[in-house]
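See below for the structure under consideration.
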Amino acid sequence: MKRLIYLFLFILNSCDQKVEEISNYQEKNGRDYTKIFEFDTVKQLKFKLEPPIRYSTNSISSSIIDGEEIISYLDSDNQSILTFSSKSGELLKNIPLEIEGPNGVGNIGYISAHYYLNNDSIFLYNRQVSPLYLINSKGEIRRKYKVTDYSGASNFPVPNSSTMSPIHFWNNSLLFSCGIQNYEEDFTGYPSLLQLDLNDGEIDYLSTFPEIYSKAFWGAYFKYDPSIALNTRKKEVIISYPIDHNVHVFNLESGLVKQYYVGSEFFEEIPPYKNDPSFFLKRNPSERDENETNHAFSSSEYRGIIYDEWRELFYRVALIRPSIETVISGDRRFSFSIIIFNENYEKVGETKLPNDKYDPSSIFLTREGLAVFRKDLYSENEDMLVFDVLLPED
């Protein structure tokens with residue numbers, strides 16, 4: 001009987017959406033492309049954890065410090081930043097983050113992020129309360145910046161930096177991807193890219209959500225979370241939106257924006273939850289919308305983009321979600337792939353990876369390739385972090 005009720009709700013929801021479909025799908029550079037590269041595992045990174053530390057982070061990345069590659073991650077459980085030697089796996093530092101007092105950064109929570117510029121300049125963004133802190137290797141606050149405002153009535157964009165959309169450093173400024181604080185009927189002009197000048201603390205919004213977001217209501221908030229990559233040589237920021245097959249390229253000098261279709265071969269249409277962009281105004285915000293939840297976990301999306309400066313390639317992560325019938329039955333398990341494209345925005349590969357082995361939310365670039373977290377090995381031994389390093393090879 002319960003399944004019949006779910007099926008009835010699904011049919012009602014489907015009938016409600018039988019209007020003009022919103023789509024920018026195309027075969028070329030999606031399913032139709034010349035495959036040159038396939039990912040192969042070339043090595044593993046291993047980092048030993050000492051109890052009570054466990055791997056729970058929204059922010060892990062690599063940095064080159066004095067010629068050596070270090071891996072840093074924000075430990076939200078223990079309110080600290082850990083750094084490891086990429087070469088030896090040795091723990092180099094455990095930087096405590098105080099909650100209160102003169103060096104208090106507040107309770108950072110899981111959704112916060114960091115950027116490790118050097119051993120004495122570490123940026124910490126507390127997403128829960130919005131300040132950005134510049135701290136040293138002892139966890140002492142050197143400066144504090146305001147990057148958004150949760151207090152007023154205005155719908156300010158919210159920096160959504162994470163492992164899959166890290167903070168980037170450019171020309172003595174920091175670049176953040178921005179999600180939404182609240183839904184809008186029209187996203188024309190709504191910022192998706194924020195630049196913070198580290199000299200004077202001034203904020204500039206550089207790019208805005210594409211038109212497709214104003215054509216429909218896309219449902220869950222994470223469908224509005226873009227990801228960014230930075231090509232310093234070309235002075236370009238590449239923006240990937242979850243529900244858009246196109247990638248958007250913003251030139252930091254000219255301000256020009258271009259878009260290029262770079263889609264997955266494993267899914268075509270990305271349907272909105274409702275074709276009416278103002279649908280959110282018609283529902284009771286205090287009531288849970290089960291249909292929206294089912295839609296969110298059954299519609300595929302793009303979840304991150306990375307630029308590989310050593311190989312001059314881009315990697316775009318695609319989440320391949322199950323059918324809505326499967327989700328309604330209680331199974332939300334999904335698979336994922338990594339799309340490879342070159343600086344001419346030509347797709348040259350796509351590799352599907354097993355989701356029971358890898359974590360698609362914990363992928364970052366190293367000098368030797370993409371480091372992808374082995375969640376299967378961690379479930380067997382929580383004292384050891386293991387990342388497979390994947391290299392695109394022809």
Q | Single unsatisfied condition, Ala296 versus (1) modelled with pLDDT of 95 or more; (2) more than 18 Å from the chain's Cα centre (by Cα) | A | (2)
Q. Could we say that Lys43 is closer than 16 Å to Phe387 by Cα, open to solvent by 10 Å² or more (accessible area, probe 1.4 Å) and outside any loop (DSSP other than H, G, I, E, B) here?
A. yes
Q) Among the candidates Ser161, Ser154, which residue alone is of a type in the set (S, T, N, Q) and without any contact (Cβ under 8 Å) to a residue 24 or more places away in the chain? A) Ser154
Q. Hey, among Ile111, Ile95, Ile60, Ile122, which residue is in contact (Cβ under 8 Å) with a residue 24 or more places away in the chain, closer than 23 Å to Gly369 by Cα and not aromatic (Phe, Trp, Tyr)?
A. Ile60
Q: Could you figure out which of (1) surrounded by 17 or more Cβ atoms within 10 Å (Cβ to Cβ); (2) under 22 Å from Tyr302 (Cβ atoms) isn't true of Val389?
A: (2)
**Q.** Total residues in segment 211-228, condition open to solvent by less than 30 Å² (accessible area, probe 1.4 Å) and farther than 18 Å from Leu175 by Cβ
**A.** 10
Q.
I need the full set of residues from segment 80-93 which are assigned to a strand (DSSP E or B) and under 25 Å from the mean Cα position of the chain (by Cα), in order please.
A. Ser80, Ile81, Leu82, Thr83, Phe84, Ser85
Q: May I ask you to list the residues in segment 364-386 that are open to solvent by less than 30 Å² (accessible area, probe 1.4 Å), aliphatic (A, V, I, L, M) and under 20 Å from Leu91 (Cα atoms)?
A: Leu365, Ala371, Val372, Leu385, Val386
Q | Residue in segment 254-273 that is surrounded by the most Cβ atoms within 10 Å (Cβ to Cβ), counting only those that are more than 13 Å from Ser207 (Cα to Cα), more than 19 Å from the chain's Cα centre (by Cα) and not aromatic (Phe, Trp, Tyr) | A | Pro272
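Say whether the condition of being over 27 Å from Glu343 (Cα atoms) and of a type in the set (S, T, N, Q) is met by at least one residue in segment 20-37.
Checking segment 20-37: not a single residue is over 27 Å from Glu343 (Cα atoms) and of a type in the set (S, T, N, Q).
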Q. Within segment 196-210, how many residues turn out to be surrounded by fewer than 21 Cβ atoms within 10 Å (Cβ to Cβ) and part of a strand (DSSP E or B)?
A. 6
Q | Selected residue [in contact with a His (Cβ under 8 Å, 6 or more places away or on another chain) and in contact (Cβ under 8 Å) with a residue 12 or more places away in the chain] from Ser72, Ser80 | A | Ser72
Q) Among the residues of segment 343-379, how many are closer than 26 Å to Tyr73 by Cα and part of a loop (DSSP other than H, G, I, E, B)? A) 6
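The values are calculated or read from the model by the stated rules, or taken from the named source; none is laboratory data. Being a predicted model, the structure only gives us computed values, none of them experimental. Cβ atoms come from the backbone with ideal geometry, glycine included; neighbour counts cover every protein chain shown. Ligands, DNA and RNA are stripped out before the accessible areas are found, and what is left, the full protein with its side chains, is counted by its heavy atoms. Shrake-Rupley method; radii C 1.70, N 1.55, O 1.52, S 1.80 Å.
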